[in-house]
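S.K.: Below is one structure. I have some questions about it.
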Amino acid sequence: MNKLHFVGIVMVAFIMIMVASCQYKFLVEPIIPPPPPGDTTSFSLEIVPIWVAQNCTGCHGTGGTQPDLTADNAYSSITGMGLVNTDDPPLSRIYTHPLPDGNHYKKYTAAQATLLLYWIEEGARNN
(Lines give C-alpha, C1' and ligand atoms only; values in the text may rest on other atoms or scores of the structure.)
Protein backbone atom coordinates (compact mmCIF):
# COMPACT_ATOMS: atom_id res chain seq x y z
CA MET A 1 0.00 0.00 0.00
CA ASN A 2 1.45 3.33 -0.94
CA LYS A 3 1.73 6.29 1.38
CA LEU A 4 -1.10 8.27 -0.27
CA HIS A 5 -3.64 5.47 0.26
CA PHE A 6 -2.57 5.09 3.88
CA VAL A 7 -3.00 8.83 4.56
CA GLY A 8 -6.44 8.73 2.89
CA ILE A 9 -7.57 5.79 5.03
CA VAL A 10 -6.32 7.48 8.21
CA MET A 11 -8.14 10.72 7.30
CA VAL A 12 -11.42 8.89 6.59
CA ALA A 13 -11.11 6.98 9.85
CA PHE A 14 -10.38 10.20 11.75
CA ILE A 15 -13.41 11.95 10.25
CA MET A 16 -15.65 8.98 11.05
CA ILE A 17 -14.46 8.95 14.66
CA MET A 18 -15.02 12.69 15.01
CA VAL A 19 -18.55 12.52 13.56
CA ALA A 20 -19.47 9.51 15.67
CA SER A 21 -18.25 11.20 18.86
CA CYS A 22 -20.39 14.33 18.45
CA GLN A 23 -23.17 14.75 20.95
CA TYR A 24 -26.14 16.90 20.25
CA LYS A 25 -28.38 18.33 22.92
CA PHE A 26 -31.67 19.43 21.52
CA LEU A 27 -33.55 21.77 23.78
CA VAL A 28 -37.26 21.38 23.44
CA GLU A 29 -39.07 24.49 24.53
CA PRO A 30 -42.46 24.09 26.09
CA ILE A 31 -45.32 25.13 23.86
CA ILE A 32 -47.53 27.65 25.56
CA PRO A 33 -51.15 27.13 24.54
CA PRO A 34 -53.34 30.20 24.16
CA PRO A 35 -55.03 31.18 27.38
CA PRO A 36 -58.60 29.99 27.82
CA PRO A 37 -61.26 32.47 26.72
CA GLY A 38 -61.91 34.97 29.48
CA ASP A 39 -58.57 34.23 31.15
CA THR A 40 -55.90 36.92 31.05
CA THR A 41 -52.13 36.92 31.17
CA SER A 42 -50.87 38.66 34.31
CA PHE A 43 -48.36 41.44 33.72
CA SER A 44 -46.92 41.29 37.23
CA LEU A 45 -46.90 37.49 37.58
CA GLU A 46 -46.03 36.35 34.04
CA ILE A 47 -44.52 39.20 32.01
CA VAL A 48 -42.24 41.01 34.49
CA PRO A 49 -40.56 37.68 35.48
CA ILE A 50 -39.49 37.24 31.83
CA TRP A 51 -37.29 40.34 32.08
CA VAL A 52 -35.90 39.19 35.40
CA ALA A 53 -35.15 35.67 34.07
CA GLN A 54 -33.37 37.06 31.00
CA ASN A 55 -31.50 39.59 33.19
CA CYS A 56 -32.90 42.45 31.12
CA THR A 57 -33.06 44.51 34.30
CA GLY A 58 -29.27 44.39 34.48
CA CYS A 59 -29.19 47.13 31.82
CA HIS A 60 -32.83 48.23 31.81
CA GLY A 61 -33.05 48.95 35.52
CA THR A 62 -33.53 52.08 37.56
CA GLY A 63 -31.15 54.71 36.22
CA GLY A 64 -29.99 52.47 33.36
CA THR A 65 -30.94 52.19 29.74
CA GLN A 66 -34.57 52.93 28.87
CA PRO A 67 -37.07 51.33 29.14
CA ASP A 68 -36.87 50.66 32.86
CA LEU A 69 -37.97 47.01 33.17
CA THR A 70 -37.88 46.75 36.95
CA ALA A 71 -41.12 45.48 38.48
CA ASP A 72 -42.22 48.85 39.86
CA ASN A 73 -41.55 50.85 36.70
CA ALA A 74 -41.88 48.45 33.77
CA TYR A 75 -45.50 49.06 32.82
CA SER A 76 -45.36 52.85 32.82
CA SER A 77 -41.99 52.78 31.07
CA ILE A 78 -42.94 50.52 28.15
CA THR A 79 -46.37 52.08 27.61
CA GLY A 80 -45.03 55.63 28.03
CA MET A 81 -42.36 55.02 25.40
CA GLY A 82 -44.88 53.58 22.94
CA LEU A 83 -43.28 50.12 22.90
CA VAL A 84 -46.65 48.36 23.01
CA ASN A 85 -48.93 48.39 19.96
CA THR A 86 -52.32 46.91 20.86
CA ASP A 87 -53.66 47.68 17.35
CA ASP A 88 -51.04 45.42 15.77
CA PRO A 89 -49.43 43.38 18.61
CA PRO A 90 -46.78 41.60 16.49
CA LEU A 91 -45.32 45.03 15.67
CA SER A 92 -44.87 46.00 19.33
CA ARG A 93 -41.23 46.94 19.84
CA ILE A 94 -41.13 45.33 23.31
CA TYR A 95 -42.03 42.10 21.50
CA THR A 96 -40.01 42.34 18.26
CA HIS A 97 -36.69 43.72 19.47
CA PRO A 98 -35.63 40.82 21.74
CA LEU A 99 -37.23 38.01 19.69
CA PRO A 100 -35.14 34.85 19.30
CA ASP A 101 -34.25 36.09 15.78
CA GLY A 102 -34.29 39.80 16.71
CA ASN A 103 -31.34 42.18 16.82
CA HIS A 104 -30.98 42.63 20.59
CA TYR A 105 -28.18 40.71 22.26
CA LYS A 106 -30.56 39.43 24.96
CA LYS A 107 -33.24 37.22 23.46
CA TYR A 108 -36.61 35.94 24.57
CA THR A 109 -37.10 32.22 24.38
CA ALA A 110 -39.88 31.18 22.01
CA ALA A 111 -42.15 30.46 24.98
CA GLN A 112 -41.46 33.87 26.55
CA ALA A 113 -42.13 35.65 23.26
CA THR A 114 -45.41 33.78 22.85
CA LEU A 115 -46.52 34.71 26.36
CA LEU A 116 -45.63 38.37 25.82
CA LEU A 117 -47.56 38.44 22.54
CA TYR A 118 -50.63 36.93 24.26
CA TRP A 119 -50.44 39.68 26.88
CA ILE A 120 -50.31 42.41 24.23
CA GLU A 121 -53.15 40.81 22.23
CA GLU A 122 -55.26 40.80 25.39
CA GLY A 123 -54.92 44.58 25.65
CA ALA A 124 -51.61 44.90 27.54
CA ARG A 125 -53.24 45.50 30.90
CA ASN A 126 -51.37 46.43 34.06
CA ASN A 127 -52.64 43.49 36.08
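S.K.: Here is a list: Asn85, Asn73. Which entry is surrounded by 13 or more Cβ atoms within 10 Å (Cβ to Cβ), more than 23 Å from Pro100 (Cα to Cα) and either at pLDDT 90 or above or not polar (S, T, N, Q) (or both)?
M.R.: So the residue among Asn85, Asn73 that is surrounded by 13 or more Cβ atoms within 10 Å (Cβ to Cβ), more than 23 Å from Pro100 (Cα to Cα) and either at pLDDT 90 or above or not polar (S, T, N, Q) (or both) is Asn73.
Conditions tested, residue by residue: (1) touching a strand residue (DSSP E or B) at 6+ places or on another chain (Cβ under 8 Å); (2) closer than 17 Å to Arg125 by Cα; (3) not hydroxyl-bearing (Ser, Thr, Tyr).
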| site | (1), (2), (3) |
| --- | --- |
| Met16 | no, no, yes |
| Ala20 | no, no, yes |
| Asp39 | no, yes, yes |
| Gln66 | no, no, yes |
| Thr70 | no, yes, no |
| Asp101 | no, no, yes |
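S.K.: Only residues that are in a helix (DSSP H, G or I), over 17 Å from Cys56 (Cβ atoms) and of a type outside the set (Asp, Glu): list them for the range 115-127, please.
M.R.: The answer is Tyr118, and nothing else.
S.K.: Now a separate question. Of the conditions (1) farther than 17 Å from His60 by Cα; (2) at pLDDT 85 or above; (3) out of contact with any helix residue (DSSP H, G or I) (no Cβ under 7 Å at 6 or more places or on another chain), Asp101 clears all except one; give me its number.
M.R.: (2)
S.K.: In the range 40-66, what residues are of a type in the set (Gly, Ala, Ser) and within 16 Å of Leu117 (Cβ to Cβ)?
M.R.: Across the range 40-66, the qualifying residue is only Ser42.
S.K.: Go through the residues of the range 44-58 one by one and say whether even a single one is surrounded by 12 or more Cβ atoms within 10 Å (Cβ to Cβ) and at pLDDT below 80.
M.R.: no
S.K.: Could you give every pair whose Cβ atoms fall below 6 Å, whose first residue belongs to the range 84-102 and is farther than 14 Å from Gln112 by Cβ, and whose second residue is of a type in the set (Asp, Glu) and assigned to a helix (DSSP H, G or I), counting only separations of at least 6 or pairs across chains?
M.R.: Listed by first residue and then by second, the contacts come to Pro89/Glu121.
The values are calculated or read from the model by the stated rules, or taken from the named source; none is laboratory data. Every value quoted in this text rests on a predicted model; they were computed, and no experiment measured them. Quick reminder, even Gly has a Cβ in these numbers, built from the backbone with ideal geometry, and neighbours come from all protein chains shown.
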